[in-house]
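**Q** My questions will all concern the structure given below.
The values are calculated or read from the model by the stated rules, or taken from the named source; none is laboratory data. Note that the structure is a prediction, hence the values are computed from the model and not measured. Don't worry about glycine lacking a Cβ; one is built from the backbone with ideal geometry, like all the others, and counts go over all protein chains shown.
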Amino acid sequence: MFIIKSNKAQYEYDIHSLVKAFYPEEEVRILTPDSIIKDRRILEYPAAMTLTFREEEVLFRVMINGASTEKESDGTSCHDYVWHVEEKQRGEYKDFFKRFLYTSLQEETRKTLPWGNLTGIRPTKIPMAMLKAGKKEDEILSFLQEKHLVSREKAMLSMEIAKREKRILEPLHYEDGYSLYIGIPFCPTTCLYCSFTSYPISAWRERTAEYLQALGKEIDYIADCYRDKILDTVYIGGGTPTSLTAAELEWLLNKIRTSFDCRALQELTVEAGRADSITEEKLCVLRACGVTRISVNPQTMKQETLQLIGRRHTVDQVVQAFDLARHVGLDNINMDIILGLPEEKEEDVRRTIEAIEALDPDSLTVHSLAVKRASKLAGWIEENGVSAFHNTEETMRIAETGARRMGMNPYYLYRQKNMAGNFENVGYAKEGKYGIYNILIMEEVQTIIAVGAGSISKRVYPDGRIERCENVKDVSQYIERIGEMIERKRVLLED
Ligand code: SF4
């Protein structure tokens with residue numbers, strides 16, 4: 001446990017994110033005078049770091065006792081890092097503080113982070129805003145490198161993506177339009193790293209009809225409430241929607257076609273993530289019902305890893321599912337991979353990329369493994385430690401080079417907390433095969449109405465303000481309380 005004691009409750013998210021990025025193996029907790037401590041045993045841990053804000057004296061003091069890095073039980077290697085705030089720095093106090101904290105941690109650990117002191121999930125936000133404000137590319141790159149200590153490589157990546165996103169989103173209807181997300185929270189089995197709303201389909205087979213009935217009620221409400229708006233994109237995710245039967249998928253897709261005016265629809269995506277959920281019959285239904293984009297996600301093409309992460313399908317099944325999808329005429333197929341999976345090295349990633357290249361998908365999403373508290377992976381790490389996780393600049397480069405060799409461009413990017421190597425997730429696609437919904441969910445520039453258990457709707461107002469409403473995660477609760485879920489949407493969507 002890495003305890004940080006701070007005399008003020010401020011910038012806690014940024015402090016936590018930065019310290020965690022430098023000390024990924026530690027559970028980081030921040031204690032301030034305002035902290036509500038449920039487990040008093042935490043107070044018995046020595047502070048690995050103390051933060052003293054003395055604004056009136058224009059002084060910050062950070063003291064890292066070094067015990068965690070040097071494994072000294074008596075905490076002998078204490079270092080003080082002191083920042084005397086100058087008058088000119090006061091206007092950008094937080095930015096200066098984050099830079100100070102970053103450079104102190106860098107000095108202490110001798111590590112450099114690819115994204116510098118950026119702690120948010122959207123590194124493209126800054127270049128996007130600066131582009132819109134008419135700034136020049138050189139100016140934006142310098143700003144990212146000097147003010148946020150981002151590496152030149154990552155600054156250029158975020159710049160390239162921001163420019164592409166801006167172009168892809170141009171034809172969308174912002175105020176008059178919206179996108180729809182439909183959550184199917186069932187999967188064949190649960191993956192080790194999963195933190196989504198997902199339940200094994202075998203346990204819910206008898207109740208999927210009830211679930212679809214509840215979904216239908218939400219869809220009816222939205223179709224009526226937003227009858228004057230333009231539906232730009234639809235994304236059916238989860239879970240794994242292809243866990244449903246072919247007949248159920250057909251019902252759902254027909255429900256969408258008959259409920260909404262789909263004449264302006266630019267994209268209809270269905271996640272067919274797990275090869276063990278895909279059949280030719282289901283793929284034919286997707287094709288016949290106008291699905292424009294699917295995702296067949298191997299995560300890795302190494303058989304041993306697939307078993308280790310709880311995906312009960314083989315590499316051969318992935319290849320067969322992909323070939324079947326092409327055979328039925330689906331011409332926009334994405335594949336997802338994860339870097340930093342347990343026991344995988346550079347050579348494994350290289351082989352995975354080569355195997356994917358042989359299939360020639362239209363897009364590739366490269367994730368860096370993120371450890372979520374709700375996942376089984378968090379427990380696995382407690383037992384086995386983090387040494388089995390290996391995500392490096394080299395593996396990121398292998399994936400990027402492979403995607404570019406396949407003729408793809410990076411078009412969206414986001415970061416999550418606790419990512420292996422503190423890298424990022426990047427979506428690559430061939431020209432014209434971009435996943436528009438993926439950009440929308442990141443950039444938060446259009447209302448996304450989400451139906452289904454565990455889904456979150458976001459209403460984006462013209463002034464950029466965002467309001468959210470959530471559906472319950474539990475499937476039984478969702479079915480039983482569907483009236484209440486619709487009422488929550490009514491409060492969010494009706495003026
Ligand atoms: S396929 Fe996706 S949603 Fe389903 S268990 Fe695996 S990670 Fe979770």
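**Q** Where the second residue is near the ligand (Cβ under 10 Å from one of its atoms) and of a type in the set (Gly, Ala, Ser) and the first is in the same structural domain as VAL328 (by TED's automatic domain parsing) and lies in region 270-291, which pairs have Cβ atoms under 7 Å and are six or more apart or on separate chains?
**A** Pairs found: GLU271/GLY237; GLU271/GLY238; SER277/SER243.
**Q** Here is a check on your reading of the model: is VAL319 out of contact with any Lys or Arg (no Cβ under 6 Å at 6 or more places or on another chain), of a type outside the set (Asp, Glu) and surrounded by fewer than 21 Cβ atoms within 10 Å (Cβ to Cβ)? Break it down into steps so the answer makes sense when it comes.
**A** Values: out of contact with any Lys or Arg (no Cβ under 6 Å at 6 or more places or on another chain): yes; of a type outside the set (Asp, Glu): yes; surrounded by fewer than 21 Cβ atoms within 10 Å (Cβ to Cβ): yes.
Against the criterion (out of contact with any Lys or Arg (no Cβ under 6 Å at 6 or more places or on another chain), of a type outside the set (Asp, Glu) and surrounded by fewer than 21 Cβ atoms within 10 Å (Cβ to Cβ)), VAL319 qualifies.
**Q** May I ask you to list the residues in region 220-234 that are surrounded by 22 or more Cβ atoms within 10 Å (Cβ to Cβ) and either without any contact (Cβ under 8 Å) to a residue 60 or more places away in the chain or β-branched (Val, Ile, Thr) (or both)? Write out each step before concluding.
**A** Filtering region 220-234 for residues surrounded by 22 or more Cβ atoms within 10 Å (Cβ to Cβ) gives 222, 231-234.
If the condition is that a residue be surrounded by 22 or more Cβ atoms within 10 Å (Cβ to Cβ) and either without any contact (Cβ under 8 Å) to a residue 60 or more places away in the chain or β-branched (Val, Ile, Thr) (or both), then ILE222, LEU231, THR233, VAL234 are the ones that fit.
**Q** Just give me the residues in region 78-97 being surrounded by 13 or more Cβ atoms within 10 Å (Cβ to Cβ) and either acidic (Asp, Glu) or without any contact (Cβ under 8 Å) to a residue 24 or more places away in the chain (or both), in sequence order.
**A** GLN89, TYR93, ASP95, PHE96
**Q** A follow-up question, please. Out of the residues in region 5-48 meeting the condition of being in a strand (DSSP E or B) and modelled with pLDDT under 85, tell me which one is surrounded by the most Cβ atoms within 10 Å (Cβ to Cβ). It would help to see each step written out before you state the result.
**A** So in region 5-48, the residues in a strand (DSSP E or B) come out as 5-6, 28-31, 47-48.
Remaining after also requiring modelled with pLDDT under 85: 47-48.
Working: ALA47: 17, ALA48: 23.
Among those that are in a strand (DSSP E or B) and modelled with pLDDT under 85, it is ALA48.
**Q** Condition test on ASP463, is it outside the structural domain of VAL366 (by TED's automatic domain parsing) and either among the aromatic types (Phe, Trp, Tyr) or more than 30 Å from GLU346 (Cβ to Cβ) (or both)?
**A** On the way: outside the structural domain of VAL366 (by TED's automatic domain parsing): no; either among the aromatic types (Phe, Trp, Tyr) or more than 30 Å from GLU346 (Cβ to Cβ) (or both): yes.
Spelling it out, it is not the case that ASP463 is outside the structural domain of VAL366 (by TED's automatic domain parsing) and either among the aromatic types (Phe, Trp, Tyr) or more than 30 Å from GLU346 (Cβ to Cβ) (or both).
**Q** For region 289-314, which residues satisfy the criterion of being part of a loop (DSSP other than H, G, I, E, B), away from the ligand (no atom under 13 Å from the Cβ) and of a type outside the set (A, V, I, L, M)? Write out each step before concluding.
**A** Restricting attention to region 289-314, the residues satisfying the condition of being part of a loop (DSSP other than H, G, I, E, B) are 289-292, 296-298, 300-302, 309-314.
With away from the ligand (no atom under 13 Å from the Cβ) added as a condition, the list becomes 289-292, 301-302, 314.
Of everything in region 289-314, those that are part of a loop (DSSP other than H, G, I, E, B), away from the ligand (no atom under 13 Å from the Cβ) and of a type outside the set (A, V, I, L, M) turn out to be CYS289, GLY290, THR292, LYS302, THR314.
**Q** On to the next question. Give GLU354, GLU400 a once-over and let me know the one that is over 21 Å from the mean Cα position of the chain (by Cα), surrounded by fewer than 20 Cβ atoms within 10 Å (Cβ to Cβ) and assigned to a helix (DSSP H, G or I).
**A** Numbers: GLU400 fails: over 21 Å from the mean Cα position of the chain (by Cα).
After applying the criteria, what remains is GLU354.
**Q** Is at least one residue of region 59-69 assigned to a helix (DSSP H, G or I), at pLDDT below 75 and loosely packed, with under 11 Cβ neighbours inside 10 Å?
**A** From region 59-69, those assigned to a helix (DSSP H, G or I) are 67-69; that's our starting set.
Still in the running and at pLDDT below 75: 67-69.
Applying the additional criterion that residues be loosely packed, with under 11 Cβ neighbours inside 10 Å yields none.
No; the residues of region 59-69 include none that is assigned to a helix (DSSP H, G or I), at pLDDT below 75 and loosely packed, with under 11 Cβ neighbours inside 10 Å.
**Q** Could you tell me which residue of region 98-138 is surrounded by the fewest Cβ atoms within 10 Å (Cβ to Cβ), considering only residues that are in contact with a strand residue (DSSP E or B) (Cβ under 6 Å, 6 or more places away or on another chain) and hydroxyl-bearing (Ser, Thr, Tyr)?
**A** Result: SER104.
**Q** Go through region 235-288 and count every residue that is surrounded by 23 or more Cβ atoms within 10 Å (Cβ to Cβ) and either of a type in the set (Val, Ile, Thr) or away from the ligand (no atom under 16 Å from the Cβ) (or both).
**A** Total meeting the criteria: 11.
**Q** Among the residues of region 322-351, write down those that are surrounded by fewer than 17 Cβ atoms within 10 Å (Cβ to Cβ), out of contact with any helix residue (DSSP H, G or I) (no Cβ under 6 Å at 6 or more places or on another chain) and acidic (Asp, Glu).
**A** Looking only at region 322-351, we keep the residues that are surrounded by fewer than 17 Cβ atoms within 10 Å (Cβ to Cβ), and these are 323, 326-329, 331, 343, 345-347, 350-351.
Okay, now just the ones that are also out of contact with any helix residue (DSSP H, G or I) (no Cβ under 6 Å at 6 or more places or on another chain), so 323, 326-327, 331, 343, 345, 347, 351.
Within region 322-351, ASP323, ASP331, GLU343, GLU347 qualify.
**Q** Looking only at region 182-201, which residues are near the ligand (Cβ under 6 Å from one of its atoms) and assigned to a loop (DSSP other than H, G, I, E, B)?
**A** So in region 182-201, the residues near the ligand (Cβ under 6 Å from one of its atoms) come out as 187, 190-191, 194, 196, 198.
THR190, CYS191, CYS194, PHE196, SER198 - these are the residues of region 182-201 that are near the ligand (Cβ under 6 Å from one of its atoms) and assigned to a loop (DSSP other than H, G, I, E, B).
**Q** Only one residue in TYR193, TYR211, TYR174, TYR178 is at pLDDT below 95, of a type outside the set (A, V, I, L, M) and crowded, with 22+ Cβ neighbours inside 10 Å. Which one? Before you say what the answer is, go through the steps one by one.
**A** On the way: TYR211 fails: at pLDDT below 95; TYR174 fails: crowded, with 22+ Cβ neighbours inside 10 Å; TYR178 fails: at pLDDT below 95.
That would be TYR193, the only listed residue that is at pLDDT below 95, of a type outside the set (A, V, I, L, M) and crowded, with 22+ Cβ neighbours inside 10 Å.
**Q** Tally the residues that are in contact (Cβ under 8 Å) with a residue 40 or more places away in the chain and buried (at least 21 other Cβ atoms within 10 Å of the Cβ), restricting the search to region 139-156.
**A** Qualifying residue count for the region: 1.
**Q** May I ask you to verify whether VAL296 is in contact with a Phe, Trp or Tyr (Cβ under 6 Å, 6 or more places away or on another chain) and touching a residue at least 24 places away in the same chain (Cβ under 8 Å)?
**A** Considered against the rule, which asks whether it is in contact with a Phe, Trp or Tyr (Cβ under 6 Å, 6 or more places away or on another chain) and touching a residue at least 24 places away in the same chain (Cβ under 8 Å), VAL296 comes out as yes.
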